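The values are calculated or read from the model by the stated rules, or taken from the named source; none is laboratory data. Predicted model only: the values in this text are computed from it and were never measured. Note: ideal-geometry Cβ built from the backbone for every residue, glycine included; neighbour counts use all protein chains shown. Quick note on the areas: whole protein, heavy atoms, side chains included, nothing else; ligands and nucleic acids left out. Shrake-Rupley method; radii C 1.70, N 1.55, O 1.52, S 1.80 Å.
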Amino acid sequence: MFETLSDRLTSVFSSLRSRGRLSEADIDATCREIRIALLEADVALPVVKAFIARVKERARGAEVSQALNPAQQVVKIVHDELIEVLGGETRRIRFAKTPPTVIMLAGLQGAGKTTLAGKLAKWLRDQGHAPLLVACDLQRPNAVQQLTVLAERAGVAIFAPEPGNGVGDPVAVARQSIDHAKRKQYDVVIVDTAGRLGIDEEMMRQAADIRDAINPDEVLFVLDAMIGQDAVNTARAFMEGVGFDGVVLTKLDGDARGGAALSVRQITGRPIMFASTGEKLEDFDVFHPDRMASRILDMGDILTLIEQA
Amino acid sequence: ARSQNVIGRGLLELLSRDRLDDEVWDEIEETLITADVGVAPTRAMVENLRTKVKVLGTRTEEELRALLREELLAQVGPDLDRTLRTEPTGERPAVVLIVGVNGTGKTTTAGKLARALVGDGKKVLLGAADTFRAAAADQLQTWGERVGAAVVRGPEGADPASVAFDAVAKGIADKVDTVIVDTAGRLHTKVGLMDELGKIKRVIEKKAQVDEVLLVLDATTGQNGMRQAQVFAEVVDVTGIVLTKLDGTAKGGIVISVQRELGVPVKLVGLGEGPDDLAPFDPKLFVDAIVGD
Ligand SMILES: Nc1nc2c(ncn2[C@@H]2O[C@H](COP(=O)(O)OP(=O)(O)OP(=O)(O)O)[C@@H](O)[C@H]2O)c(=O)[nH]1
Ligand SMILES: Nc1nc2c(ncn2[C@@H]2O[C@H](COP(=O)(O)OP(=O)(O)OP(=O)(O)O)[C@@H](O)[C@H]2O)c(=O)[nH]1
Ligand SMILES: [Mg+2]
Ligand SMILES: [Mg+2]
């Protein structure tokens, strides 16, 4: 549907190609197209603005390259900047010095938290850990059953003392789960929570209460890669409401560009740690900033363009 | 000094009325972009507005906001037919098929819709044709119990088309008014799963006409929503859109393009997780939420 960025930049390229250095006009023309492409990739507007401003600054200060023409040079700066923002300090899960390591999942309704809980559990089990899944979504109809089925599929234990569907106190379950894990010697506890809106104060407080009850080593914010401009509000709200240490992008097996990755990274400074790429338990990977950069801006094509130019 | 201030302020206002500066236009553009309306539609709307402003000689920001509201409302199509076909035809119940990508709120919408119809004195049957996701049928069953609708389900991993068929067959036998068939979430990029969805519809049609195919779109969805709508419309001929999670901060602006390009109206909106959090789509409220105050 969208004209790809490389389509658009091709026309910019042709007008810039012959010149020898980066003029203000070159930079502006290229950045205008990049701005549109970022917006069409669902990068949030304030993040786009800040990003473009930084690219412009870098482009202005850039040494004139012998190997690249001006537009290529701007694109390369964009690419490098994207990877820098998306990557930064990539890191793995921080395991607690004294087990259990406690991981709490939080996010909007339907983002993919429960599925991710199952995936994480399987992934950790495959690495020799003994994870325990904890059913703290006692609200969404049959969330407890859903997690129970996933635990079975992943071959891991579950702590689900309450039936859910409105019955039981998620904060109490969370608290008990830690003792349970210690007694039974599970070394990782993964706490699934109910989906909630950033503006739902009561539910955000509940998330903070769960956090305080379990003192997690990692709070992971689970975010649907298809999300649009609202990524900013939501990321901020969860950052303020519960706080989080890392981000998991889900549903990356679709064709959404996933500009939210850039938004959430920029807004919260928290690293994106994992990518969820399907409905099956093994559809899960650590996050690759370079792939994400290419995906957001259709960089695969663009880097080829640079080579061809 | 005080009177001078008043005069000063008045003069300032008068001067600022003389032209709508770039800042105001930028704000308009930002309002639309951050509502997920999309770059191209935003530009088109802003162009239209600029023309109108010239023709009408609009001077104040307030007047411009009113024009924006008007323009948006025109885009949303206040006159589209948004009625939901849930009435039985003769001996045959109405069949509503619910489709969409993962986690948008299909099962919840099925439950809420059943609730609304039951509240109207209708007899409703739910078909659990999501045989894939863990505990999906249980979830629908819970909704059925909550709202007073029977549920037809199959074993986990069963052929979803045959469950849908059974549900409609039972709906006919039991003389219900409406059968609502919930399906598994699927990304529009998965050819195999989209084929499966096409088959579900065709198999139902051996028994009864499908009166409504509701595509459930999550209001937080960005530009990808357009792709979703295009592909689902191709495969199952979508007749209406349900825009869910409008109780959050997302505005759901992508549906403006979706409606325009596909000619499929938004019929319902989801406003929460409870059984009564479903409402008819109101173009004016939708536009107000985008424009703000
Ligand atoms: N295609 C795809 N589907 C996914 C992925 N992750 C989760 N899903 C699906 O998305 C839907 C929602 O996933 P859940 O794990 O139930 O999401 P949740 O965040 O726990 O939802 P709530 O508990 O209702 O807030 C389900 O249909 C999952 O199968 C993914 O990476 N790719
Ligand atoms: N806030 C809010 N939450 C909603 C709304 N509609 C659904 N939800 C929640 O979104 C989550 C996903 O809803 P489901 O009905 O399970 O979504 P689905 O499309 O059936 O999901 P899959 O079958 O896994 O693809 C649940 O936690 C619901 O309670 C709504 O309008 N507002
Ligand atoms: Mg869940
Ligand atoms: Mg469902």
Original post:
Which whole number gives the average, over all residues in A:272-285, of C-beta atoms from other chains lying within 10 Å of the residue C-beta?
Top reply: 1
Subject >> Per-residue mean of C-beta atoms belonging to partner chains within 10 Å, peptide B:128-137 >> reply: 4
Original post:
For chain A, modelled as a Gaussian network with Cα springs under 10 Å, which listed residue fluctuates most, A:Arg92, A:Arg183, A:Arg140?
Top reply: A:Arg183
Original post:
Going by the alpha-carbon gyration tensor, a ≥ b ≥ c the square roots of its eigenvalues, is region A:213-262 rounded (a/c under 1.5) or, if a/c is not under 1.5, prolate (a/b greater than b/c) versus oblate?
Top reply: oblate
Original post:
Where the centroid of each part is defined by its Cα atoms, how far is region A:102-165 from region B:50-91 in Å?
Top reply: 45 Å
**OP:** Output the peptides A:230-238, A:281-289 sorted from most to least packed, where packing is the average of other Cβ atoms within 10 Å over each peptide's residues.
**Re:** A:230-238, A:281-289
Subject >> Mean accessible surface per residue for region A:164-257, computed with a 1.4 Å probe while every protein chain stays in place, in Å² >> reply: 37 Å²
Subject >> Degrees between helix B:136-147 axis and first principal axis of chain B (Cα, 0 to 90, nearest 10) >> reply: 80 degrees
Original post:
What are the semi-axes of the equivalent ellipsoid of region A:169-212, taken as the square roots of 5 times the eigenvalues of the Cα gyration tensor, listed largest first and rounded to whole Å?
Top reply: 24, 10, 7
Original post:
At 222 nm, what helix-only mean residue ellipticity would chain B give, in deg cm²/dmol to the nearest 500, using -39500 (n - 2.57) for each DSSP H run of four or more?
Top reply: -16000 deg cm²/dmol
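Of all the accessible heavy-atom surface of the protein assembly as shown, with the other protein chains kept in place and a 1.4 Å probe, what percent is carbon and sulfur?
On the way: 11890 of 24780 Å².
Here carbon and sulfur together make up 48 percent of the probe-accessible area.
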Original post:
Taking B:Lys251 as the anchor, which aspartates and glutamates have their alpha carbon closer than 12 Å to its alpha carbon, excluding any fewer than eight residues away along the same chain?
Top reply: A:Asp230, B:Asp36, B:Asp218, B:Asp288
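Of the listed peptides B:101-112, A:142-153, A:45-56, what is their order by residue-averaged count of other C-beta atoms within 10 Å, with the highest listed first?
Values: B:101-112: 27.2, A:142-153: 22.0, A:45-56: 17.6.
The packing order, highest mean first, is B:101-112, A:142-153, A:45-56.
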Original post:
Quick one: helix B:61-76 against the long Cα principal axis of chain B, what's the angle to the nearest 10°, folded into 0 to 90?
Top reply: 20 degrees
Original post:
Counting only DSSP beta bridges with both residues in chain A, what percent are antiparallel, rounded to the nearest 5?
Top reply: 15 percent
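I'd like to know how region A:24-138 sits against the 2.2 N^0.38 Å rule of thumb: what's its Cα Rg over that expected value?
1.59
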**OP:** Would you list, by chain and number, the lysines whose Cα falls below 27 Å from the Cα of A:Lys56, excluding same-chain residues fewer than 8 positions away?
**Re:** A:Lys76
**OP:** Given the peptides B:174-183, A:122-131, arrange them by the average over their residues of other C-beta atoms within 10 Å, most packed first.
**Re:** B:174-183, A:122-131
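If you add up the charges near A:Val188, with Lys and Arg at +1 and Asp and Glu at -1, over every other residue whose beta carbon is less than 14 angstrom from its beta carbon, what do you get? Provide the component values of the computation, followed by the final result.
Details: positive: A:Arg92, A:Arg94, A:Lys97, A:Lys119, A:Lys122, A:Arg125, A:Lys182, A:Lys184; negative: A:Asp126, A:Asp187, A:Asp192, A:Asp217, A:Glu218.
Computed value for this residue: +3.
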Original post:
Under the definition of Cα pairs under 8 Å and six or more residues apart, what whole-number percent is the relative contact order of region A:223-262?
Top reply: 68 percent
Original post:
Nearest 10 degrees, 0 to 90: what angle lies between the long axis of helix B:106-119 and the longest principal axis of chain B (Cα atoms)?
Top reply: 80 degrees
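Taking both sides together, what accessible area is buried at the B/A interface, probe 1.4 Å, expressed in Å² and rounded to the nearest 100? It would help to have the intermediate numbers written out before the result.
Details: alone 14460 and 13780 Å², together 24780 Å².
In total, chains B and A hide about 3500 Å² from solvent.
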**OP:** Tell me which residues come under 5 Å, amide H to amide H, from B:Leu97 once H is placed; ignore anything under 5 positions away on its chain.
**Re:** B:Val181, B:Glu212, B:Val213, B:Leu214
Original post:
What is the dipole size for region B:26-109, taken about its Cα centre, with +1 at each Lys and Arg Cβ and -1 at each Asp and Glu Cβ, in debye to the nearest 20?
Top reply: 260 debye
Subject >> Ellipsoid semi-axes in whole angstrom, largest first, where each is sqrt(5λ) of the Cα gyration tensor of chain A >> reply: 43, 18, 16
Original post:
Over its Cα atoms, what ratio of radius of gyration to 2.2 N^0.38 Å does region B:16-88 give?
Top reply: 1.37
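Can you tell me the accessible area per residue over chain B, all protein chains present, probe 1.4 angstrom, in square angstrom? Walk me through the intermediate numbers first.
Working: 12750 Å² over 293 residues.
I get 44 Å² per residue for chain B.
For the cross-link pairs A:Lys97/A:Lys184; B:Lys190/B:Lys267; A:Lys280/B:Lys199; A:Lys113/B:Lys170; A:Lys97/A:Lys251, which exceed 29 Å when the distance is taken from alpha carbon to alpha carbon? Don't skip to the end; give the middle numbers.
Working: A:Lys97/A:Lys184 18 Å; B:Lys190/B:Lys267 26 Å; A:Lys280/B:Lys199 22 Å; A:Lys113/B:Lys170 35 Å; A:Lys97/A:Lys251 32 Å.
Correct reply: A:Lys113/B:Lys170; A:Lys97/A:Lys251.
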Subject >> Residue among A:Asp192, A:Asp200, A:Asp42 with the largest mean-square fluctuation in a Gaussian network model of chain A, springs linking Cα atoms under 10 Å >> reply: A:Asp200
**OP:** Return the single residue from A:Gly166, A:Gly259, A:Gly198 with maximal mean-square fluctuation; model: Gaussian network over chain A, springs between Cα atoms under 10 Å.
**Re:** A:Gly166
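Please compute the contact order of chain A in relative form: average sequence separation of alpha-carbon pairs under 8 Å and at least six residues apart, divided by the residue count, as a percent.
Taking the mean separation of contacting Cα pairs over the length of chain A, I get 23 percent.
How much mean residue ellipticity at 222 nm does chain A get from its helices, if each DSSP H run of length 4 or more adds -39500 (n - 2.57) and you divide by all residues, to the nearest 500 deg cm²/dmol?
On the way: 12 runs with 157 residues, N = 309.
So the helix-based figure for chain A works out to -16000 deg cm²/dmol.
Taking a ≥ b ≥ c as the square roots of the Cα gyration tensor eigenvalues, with a/c under 1.5 meaning rounded and otherwise prolate when a/b beats b/c, else oblate, which class fits region A:200-309?
On the way: a/c = 2.51, a/b = 2.01, b/c = 1.25.
It comes out prolate by the Cα gyration axes.
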Original post:
So what's the net charge close to A:Asp217: Lys and Arg +1, Asp and Glu -1, counting the other residues with Cβ under 15 Å from its Cβ?
Top reply: +3
**OP:** First check a/c for the protein assembly as shown, with a ≥ b ≥ c the square roots of the eigenvalues of its C-alpha gyration tensor; if it is under 1.5, answer rounded, and if not, answer prolate when a/b is larger than b/c or oblate otherwise.
**Re:** oblate
**OP:** Tally the DSSP beta bridges in the protein assembly as shown and give the antiparallel ones as a percent, rounded to 5.
**Re:** 15 percent
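Give me the inter-chain shielding for A:254-260: mean count of other chain Cβ atoms within 10 Å, whole number please. Let's see the in-between values first.
Working: counts 10, 7, 10, 3, 2, 3, 2.
For peptide A:254-260, the averaged partner shielding equals 5.
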